[in-house]
1. Count the lysine pairs in the chain whose Cα atoms lie under 30 Å apart, taking only pairs 8 or more positions apart in sequence or on different chains.
2. Given contacts defined as C-alpha pairs under 8 Å and at least six residues apart, what's the relative contact order of the chain, whole-number percent?
3. Calculate, in nm to one decimal, what Q11 and E28 gain on full extension: separation in residues at 0.36 nm each, minus their alpha carbon distance.
4. Estimate the FRET efficiency between R76 and K20 by the formula 1/(1 + (r/R0)^6), using the beta-carbon distance for r and 22 Å for R0, to the nearest 0.05.
5. At a 10 Å Cβ-Cβ cut-off, how would you order I69, I17, fewest neighbours first?
6. When the dipole is taken about the Cα centre of the chain, and only Lys, Arg (+1) and Asp, Glu (-1) are charged at their Cβ, what size is it in debye, to the nearest 20?
7. Among T36, T4, rank each residue by its count of other Cβ atoms within 10 Å, from fewest to most, as a rough exposure measure.
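What follows is calculated from the coordinates using simple rules that are stated; it is not laboratory data. Since the structure is predicted, the reported quantities are computational estimates derived from the model, not experimental observations. Note that we place each Cβ from the backbone using ideal geometry, even for glycine, and neighbour counts take in every protein chain shown.
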Amino acid sequence: MIDTIEQRACQLAQYIIENKATVRGAAEQFGISKSTVHKDLQQRLPQCNKALYLQVREVLDLNKAQRHIRGGMATRKKYKGS
């Protein structure tokens, strides 16, 4: 179990950086909501570890730039079946 909120925020950031994970994937992995992941990474992490925040910000910005592509692929898979 994670002891403090700050430790959870750091662990979330490390998980996202190492696995190039999305917010949704990290939330599922840690068993918390997407809004909690966002709050931890956007508000709490910059206060306790600015360098880690900047690294995770790069991954999240890349995910945001690519989300329309992933959404299109999911729709294609849904209707084509492959």
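1. So the count works out to 18.
2. Relative contact order comes out at 31 percent.
3. Here the segment from Q11 to E28 would lengthen by 4.7 nm.
4. Result of the calculation: an efficiency of 0.50.
5. Listed from fewest to most nearby Cβ atoms, that is I69, I17.
6. 640
7. Starting with the residue having the fewest Cβ neighbours, the order is T4, T36.
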